[in-house]
Amino acid sequence: MVYLIVVGKSSLAKDAPDIVGQIEFSELAVLSKLIKRRDMAFLHDVACFFEDRSFSLPVLQETQADLFAMLPENLAADERAMLHKLLAVVGYACHRQLPMFGVAS
């Protein structure tokens, strides 16, 4: 089971969003560890693995700043890998100036 992360006008196939990442079910434990470190709405939303979510550009820009603030923290290897994954997909959406969507599958 995976949670697809797409960037585009919508998450609908007809709008051809870019599939920029995915979170595996097995990675939910790592997300929980990050939530314990920093209680962010974005992390909670991404951890809702069974529900589609949408993230507006202003929310993504705020999230990007919050995620950057976590970079200097002393993180375990799996936490750092997840942080980098989240920074990559959020950064892509911010660069493209498009919303991001989490698609439950």
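The values are calculated or read from the model by the stated rules, or taken from the named source; none is laboratory data. Predicted model only: the values in this text are computed from it and were never measured. We place every Cβ from the backbone using ideal geometry, glycine too, and count neighbours over all the protein chains shown. What goes into the accessible areas is simple: the full protein's heavy atoms, side chains included, and nothing from ligands, DNA or RNA. Shrake-Rupley method; radii C 1.70, N 1.55, O 1.52, S 1.80 Å.
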Test result for residue 68, in contact with a helix residue (DSSP H, G or I) (Cβ under 9 Å, 6 or more places away or on another chain) and modelled with pLDDT under 95: no
Does residue 102 fit the bill of being in contact with a helix residue (DSSP H, G or I) (Cβ under 7 Å, 6 or more places away or on another chain) and within 18 Å of residue 15 (Cβ to Cβ)? yes
So, residue 9, is that one touching a helix residue (DSSP H, G or I) at 6+ places or on another chain (Cβ under 6 Å) and farther than 15 Å from residue 88 by Cα or not? yes
Is region 79-100 home to any residue that is under 10 Å from the mean Cα position of the chain (by Cα) and assigned to a strand (DSSP E or B)? yes
Hits in region 76-105 - residues which are in contact with a strand residue (DSSP E or B) (Cβ under 8 Å, 6 or more places away or on another chain), closer than 20 Å to residue 39 by Cβ and open to solvent by 30 Å² or more (accessible area, probe 1.4 Å): 85
